[in-house]
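The next block holds one structure in the form of structure tokens; read it before the comments.
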Amino acid sequence: MQPIDLRSDTVTLPSPAMRQAMATAEVGDDVMGEDPTVNRLEAMAAERLGKEAAVFVVSGTMGNLVALLAHCGRGEEMIVGDNAHIFMYEAGGSSALGGIHSRQVPNQTDGTLDLTGIEAAIRSDNPHYPRSRLICLENTHNRCGGACLTPDYMGRVRALADKHDLRFHLDGARVFNASVALGVKVTELTRHADSVMFCLSKGLSAPIGSLVCGRADFIHEARRARKVVGGSMRQVGIIAAAGIFALENMVDRMAEDHDNGRRLAEGLAEIKGIVLDPTRVQTNIVFFDLQGHTPAAQTFCHDLAARGVKMLPTGERRVRAVTHYGIERTDIEKSLEIISRFMR
Ligand SMILES: Cc1ncc(COP(=O)(O)O)c(C=O)c1O
């Protein structure tokens, strides 16, 4: 039996139609600007997000990195959530490669940063301090359980950035999930940010790729940064074609993943030994805690995998499950049945 893999939305496989689009893609040398499929994807991404231009990169991590390198010089500071992917899981790349100093503001449980907390973190002009340059947000927020930041909140952060002459980067790895879940156009979520990175390889189900979008002069700089980190590619229309297919066909269907996420959360909340508040689940990411008498998260996930359901331990007693393309409602019901039996 195929395991039900709920570890991440990055485990999605390309559909036959997506593979067909890849196989027939027109290609050229993208470093020379001659890959028509990449050019189409970049134009499409910029248009979708309401930005002037876009650059195609291999991963979300590289996308965030090139954006940060384009925004900040060495010794300059970015304000970032203490649970942000950029801060937690990108190997400190902005610091290692860009000399960018980070100032963490605690993420609230809804994924936001308290506005007064952001303002307090902004440095005054003093030779002792690094220069504040950038505010980073994440939408949806991974470690905050796929929480959606609202257009109103994003607008308030924009106002703060303008007041202090700072730039604003959005890690929008799952910004289309937020747009679908909130029922707002994605541009409502992206228009306040100077730059946005989004991933094709998560809920949108492409095998690879992310885009960084922003003003044309900013993307020019990001393209240089992509070169520095060795991320310029050649006949990559083959993978860009999957991205075009994803943007055209895989966005609206994510509502199904969110429904499945909610059902999973509701079912899990009824199982003894599992603690979560299902009303907090807005998109496709479900975190839950294991009570003291149950096995720790590592053991729980290991033993559950042997029973056919894969989840990700993310803390001593914390587990993450993510719904995605390829996971049907029947898989959710089956997983709940298996977990329920296992916990008994
Ligand atoms: C919010 C967020 N940003 C960035 C990334 C990085 O994407 P990648 O794994 O493609 O480098 C991830 C990956 O899970 C993520 O969840």
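Rule-based calculations on the coordinates, nothing more; no lab input. The structure displayed is predicted, hence computed values, not measured ones. Cβ atoms come from the backbone with ideal geometry, glycine included; neighbour counts cover every protein chain shown.
Could you tell me which of rounded, prolate or oblate describes region 84-141, using a ≥ b ≥ c as the square roots of the eigenvalues of the alpha-carbon gyration tensor, with rounded for a/c under 1.5 and, failing that, prolate when a/b is larger than b/c and oblate otherwise?
Values: a/c = 2.81, a/b = 1.15, b/c = 2.45.
The shape class here is oblate.
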Notebook entry, point to check: Dipole of the chain, Cα-centred, from +1 at each Lys and Arg C-beta and -1 at each Asp and Glu C-beta, to the nearest 20 debye?
Noted result: 480
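Return a single number: how many Lys pairs in the chain, at a sequence separation of 8 or more or on separate chains, have alpha-carbon atoms below 19 angstrom apart. Could the numbers behind the result be given before it?
Values: Lys51/Lys185; Lys202/Lys310; Lys272/Lys334; Lys310/Lys334.
Summing the qualifying lysine pairs gives 4.
Please identify the GluC sites (Glu not before Pro) of region 216-298 that satisfy two criteria: DSSP loop assignment and at most 14 other Cβ atoms within 10 Å. Which are they?
Glu270
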Checklist line | Shape of region 91-175, Cα gyration tensor, a/c cut at 1.5 | finding: oblate
Next item on the list: For region 1-86, state the semi-axes of the equivalent ellipsoid (square roots of 5 times the eigenvalues of the alpha-carbon gyration tensor), sorted largest first and rounded to whole angstrom.
Entry: 28, 24, 11
Notebook entry, point to check: To the nearest 0.05, what FRET efficiency results for Asp303 and His128 with a Förster distance of 56 Å applied to their C-beta separation?
Noted result: 0.60
Item checked: Which of Cys301, Cys213, Cys199 has the fewest Cβ neighbours within 10 Å, and the rest in rising order -> Cys301, Cys199, Cys213
Check: In whole Å, how far is the Cα centre of region 39-103 from that of region 202-228?
Finding: 8
Margin query: Counting only Cα atoms, I'd like the Rg/Rh figure for the chain, Kirkwood definition for Rh.
Written below: 0.98
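On full extension of the chain, what length is gained from Val228 through Arg253, given 0.36 nm per residue of separation minus the C-alpha to C-alpha distance?
On the way: separation 25, 0.36 × 25 = 9.00 nm, distance 3.63 nm.
Gain in length upon complete extension: 5.4 nm.
By per-residue mean of other Cβ atoms within 10 Å, what is the highest-first order of 114-124, 25-35, 325-335, 78-88?
Highest-to-lowest ranking by the protection proxy: 78-88, 325-335, 25-35, 114-124.
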